[in-house]
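The values are calculated or read from the model by the stated rules, or taken from the named source; none is laboratory data. Here the structure is a predicted model, which is why all the values come from computation and not from measurement. FYI the Cβ positions are ideal-geometry reconstructions off the backbone, even for glycines, and counts take in every protein chain you see.
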């Protein structure tokens, strides 16, 4: 790795930055409702990579408009699109159309998540995309790499949103993956500080994936009341729901999460009963109104590092500078332990 100043932040070169052609070894994963063209472009201009979420838009034409707007806002720099592969076939109805659109619009980067990307990887590779697959187990990450994924991210139980059914931490999963997988490995879940980035790179990972830490970026359109609430949180402000449906979801500990947990404790297993509480429309309304007690709002403990409202570029520069400082201090610390 090398470290030097670049546009207000240091450069940390890794296999990830080489493969994706970026300056900072940071991926900002797709945020449902929030990963718009404006946010994605801001991250890309700052030298990292972000992924626009088609599911946040009303129809294919709106997605196309967002992609074209993102290209303008990035000044032509490559950016990414998130493709979530659901366990429910009806939820994947638009997937093939989105892939066609990605090819038509020349999107260079794709983040796949959820179920195996094996079926769609050949089409994405044919379109010239670099594909990063998010997995919750080493076995699934290895399978995605064998199928052709260029990068894999191991997300642990700390991850906001869907962390899978296990309870293993991100750093453990990534360390295990490094023993078995040849493509660049990224750590995701609970990452919000430069020290964590340094730790991930020091153990051999090629970068990190962040979501919750970016919620207070100026380019995230959510209501100021919601963002102000995030600023006051610590690492204990999240909880999980939907264990009973084998669809665990880490979210903000709020009134709605408490209601869902109570319903699950009573034995409710019908998603249609839970839908008014956990459905996406409630999320979107909460982001729009700032009523953070309304809906199940994806959040991980990395929100503890959300300390101010500022542009995405400023957040990323601070994190990379802190990571570079931590890595630079590591040899000195080792000398101290050696007594030299």
Revision key, fill the gap. Wholly inside the range 237-329, helices (runs of 4 or more DSSP H) that include 1 or more residues that are under 30 Å from residue 197 (Cβ atoms) and at pLDDT 95 or above are 255-265, 280-289
Check your understanding: Can you name every residue in the range 56-89 that is without any contact (Cβ under 8 Å) to a residue 40 or more places away in the chain, in a loop (DSSP other than H, G, I, E, B) and in contact with a strand residue (DSSP E or B) (Cβ under 9 Å, 6 or more places away or on another chain)?
Key -> 79, 86, 87
Exercise for review: Just give me the residues in the range 154-175 being over 16 Å from residue 243 (Cβ atoms) and out of contact with any helix residue (DSSP H, G or I) (no Cβ under 8 Å at 6 or more places or on another chain), in sequence order.
Suggested key: 169, 170, 172, 175
Revision key, fill the gap. Within the range 176-198, residues being in contact with a helix residue (DSSP H, G or I) (Cβ under 7 Å, 6 or more places away or on another chain) and outside any loop (DSSP other than H, G, I, E, B) number 11
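Do you know which of the residues in the range 133-152 that are within 16 Å of residue 28 (Cα to Cα) and in contact with a helix residue (DSSP H, G or I) (Cβ under 8 Å, 6 or more places away or on another chain) is surrounded by the fewest Cβ atoms within 10 Å (Cβ to Cβ)? Break it down stepwise before answering.
So the first thing to find is which residues in the range 133-152 are within 16 Å of residue 28 (Cα to Cα), and the list is 133-135, 151-152.
Within this subset, residues satisfying the condition of being in contact with a helix residue (DSSP H, G or I) (Cβ under 8 Å, 6 or more places away or on another chain) are 133, 135, 151-152.
Values: 133: 28, 135: 27, 151: 28, 152: 25.
If we take residues in the range 133-152 being within 16 Å of residue 28 (Cα to Cα) and in contact with a helix residue (DSSP H, G or I) (Cβ under 8 Å, 6 or more places away or on another chain), then 152 is surrounded by the fewest Cβ atoms within 10 Å (Cβ to Cβ).
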